[in-house]
Amino acid sequence: MPEFSELKPISKSTFSNLIQGEMSEIKLKKEDNYDYYQDVAILKSIYHYFFNHGVIPYPNYSENFINYIDSSIPNLKFHGLALKAKIILLEKRFLTILKIVGYDPNIINPIQREIFDLSMGL
């Protein structure tokens, strides 16, 4: 099994989906400046940590775990305790969605679907 030690920057791709039989691009609203790609990068780095260390230190995320994620993602907007709070927020958001709509919600937006699927795997 190959060993993962470094994450590559995630490029922002253009996604297309079929909606009501026609091809259309799903765009986030201009006023929506939430960075979903940071969430994906954080979740992917959690996967890398798990595969490199065999465990995720849950529920008390260790300093080593937080530092690993912080150093794995270039241009990360959250550091230290803010990063820990962000991870907890991602977990709570996932559990809320899971409680409301179950294990297979109808998520059309590709980046939000990827976030849900990554969260589901953890």
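Things worth noting here:
- The condition (being among the aliphatic types (A, V, I, L, M), within 16 Å of residue 118 (Cα to Cα), at pLDDT below 85 and touching a Leu at 6+ places or on another chain (Cβ under 9 Å)) is satisfied by just one residue among 56, 69, 46, 42: 56.
- Within the range 74-91, considering residues that are assigned to a helix (DSSP H, G or I), closer than 14 Å to residue 45 by Cα and of a type outside the set (A, V, I, L, M), the one farthest from the chain's Cα centre (by Cα): 84
- Annotation: of all residues in the range 73-107 being surrounded by 12 or more Cβ atoms within 10 Å (Cβ to Cβ) and at pLDDT below 80, the one that is farthest from residue 36 (Cα to Cα) is 101.
- Against the criterion of being part of a helix (DSSP H, G or I), free of Cβ contacts under 8 Å to residues at least 60 places away in the same chain, out of contact with any Lys or Arg (no Cβ under 7 Å at 6 or more places or on another chain) and surrounded by fewer than 15 Cβ atoms within 10 Å (Cβ to Cβ), residue 45 does not qualify.
- The range 48-73: number of residues that are in a helix (DSSP H, G or I) and of a type in the set (Gly, Ala, Ser): 2
The values are calculated or read from the model by the stated rules, or taken from the named source; none is laboratory data. Since we're looking at a predicted model, the values are computed, not measured. Backbone-built Cβ (ideal geometry, glycine too); neighbour counts: all protein chains shown.
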